[in-house]
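Report on one structure; see the data block that follows.
The values are calculated or read from the model by the stated rules, or taken from the named source; none is laboratory data. Note that the coordinates shown come from a computational prediction; the quantities given were computed from them, not determined experimentally. Backbone-built Cβ (ideal geometry, glycine too); neighbour counts: all protein chains shown. Quick note on the areas: whole protein, heavy atoms, side chains included, nothing else; ligands and nucleic acids left out. Shrake-Rupley method; radii C 1.70, N 1.55, O 1.52, S 1.80 Å.
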Amino acid sequence: LECHDNANYVFPARFPTLRRHFSRHPPHLTMSIDLQFQPVHALTGGAILGVATVGKLLLSGRVLGISGSFKGTLTEGDLSPWRFAFLGGLVASGMLDAAWDPAQVAEPLPGMARIITAGLLVGAGTGMGNGCTSGHGICGNSRFSVRSMAYTVTFMAAGAAAATLFDTNAALGVNSAHSALNDLVIPAADVMTKYAGIVAASAAAFLGIGAASKALAKKNDDESTAAHKTLSLVAEALAGLVFGVGLTVSGMRRAAKVSGFLSATATSFDPSLMLVMGGAMAVAIPGFAVAKNKPKPACERKFSIPNNKTIDKKLMTGGLLFGAGWGLAGLCPGPAIVSAAARPSAALLAWLGAVAVGMWGQHKIVK
């Protein structure tokens, strides 16, 4: 496979194995990706995603949904500051990762026609289904929403079908003959210590905002103040930042890693995504249970948790479209935003643009 100089995906240099398979032969970049099974990265990254989810929920009262945050501004003209704070945090996480690890290696993405098609499908699908892997996959399933469970099963099945039928592994340069399960990687002790530090520091930051909010409420007879609104925006930005870090640590920013999971019949099958979801839900499930017993979040007047229980044609069609687009390119809104911030490329920006067009078109056409 050939990847041109405007390679489309950022892959951190701290994972050395990929770099051994990456060589420069101007004017092309040749890459063969041997996937590895990295359960500790997956579980730890998932736990970081869970911390971001719970922190946002208990402080601002909002469910963490990336496509929903984007869609509200695009299709409904909702310019609420919290949306920009959260999405800004995601962007900041990519920029910080690029600054921290400037020697990042670019993995290939599919050709432009496939990228745009995938983006349109993801945009239309997440618009119809009101969510993606974060809003439904993590948050919805963690609060045991049958609607989210149905949507998740649908987009997972559609993603696997698309990745298998259209050979997404080949489009992304993944060596389908290499067994990821037989290539187990456990990080060194110092790396595991750093990851534990990220989890602890993230949780401590959210707890600090909560403590500050509680002190303000006590000082103002439990009344919400302008300072609470400021703390809520800080919590939103922190949630975006921490969630972006979790995507990087878990490896879910890598389209190749996603394709490795969705291409379940290939020898290269990589179950890491299941561990990421499991790690996130292990933190988020008790977080939603705590929220259920609270009268209001720390920084806002009420919780904003979806209560729609309807499983209809629109939801299921959205799941099929989103899953198909996800499977064609291995990209989801959150990872794409973080990666585009870390190292913008024509393909990533085209995909995000196509997602926006798909959301807008769905909003105009499907009622």
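Yes or no: GLY240 open to solvent by less than 50 Å² (accessible area, probe 1.4 Å), at positive phi, touching a Lys or Arg at 6+ places or on another chain (Cβ under 9 Å) and not aliphatic (A, V, I, L, M)? It is false that GLY240 is open to solvent by less than 50 Å² (accessible area, probe 1.4 Å), at positive phi, touching a Lys or Arg at 6+ places or on another chain (Cβ under 9 Å) and not aliphatic (A, V, I, L, M).
Restricting segment 172-190 to residues that are in contact (Cβ under 8 Å) with a residue 12 or more places away in the chain and not in a loop (DSSP other than H, G, I, E, B), the residue that is surrounded by the most Cβ atoms within 10 Å (Cβ to Cβ) is VAL174. With respect to the stated conditions, THR265 is among the hydroxyl-bearing types (Ser, Thr, Tyr) and not in a helix (DSSP H, G or I).
Can we say GLY240 is within 12 Å of the chain's Cα centre (by Cα), closer than 30 Å to ASP167 by Cα and modelled with pLDDT of 95 or more? Criteria not met by GLY240. Entry remark, segment 71-92: residues being closer than 13 Å to GLU236 by Cα, assigned to a helix (DSSP H, G or I) and open to solvent by less than 60 Å² (accessible area, probe 1.4 Å) number 10 in total. Using the structure shown, decide if SER250 is within 14 Å of the chain's Cα centre (by Cα), over 22 Å from ALA161 (Cα atoms) and of a type in the set (S, T, N, Q). It is true that SER250 is within 14 Å of the chain's Cα centre (by Cα), over 22 Å from ALA161 (Cα atoms) and of a type in the set (S, T, N, Q).
Filtering segment 148-171 to residues that are more than 16 Å from ALA324 (Cα to Cα) and open to solvent by less than 30 Å² (accessible area, probe 1.4 Å) leaves only SER148. The set of residues in segment 106-134 that are among the small types (Gly, Ala, Ser) and surrounded by 24 or more Cβ atoms within 10 Å (Cβ to Cβ) comprises ALA118, GLY119, GLY123, ALA124, GLY125, GLY127, GLY129, GLY131, SER134. Screening segment 280-367 for helices (runs of 4 or more DSSP H) wholly inside it with 1 or more residues that are free of Cβ contacts under 8 Å to residues at least 24 places away in the same chain and open to solvent by 70 Å² or more (accessible area, probe 1.4 Å) returns the ranges 313-329, 346-365. Just one of the numbered conditions (1) assigned to a helix (DSSP H, G or I); (2) out of contact with any Ser or Thr (no Cβ under 8 Å at 6 or more places or on another chain) is not true of LEU49: (2).
Contact map, segment 136-163: first residue under 18 Å from THR317 (Cβ atoms), second residue of a type in the set (D, E, K, R), Cβ cut-off under 6 Å, separation 6 or more or different chains; pairs are ARG147/LYS309.
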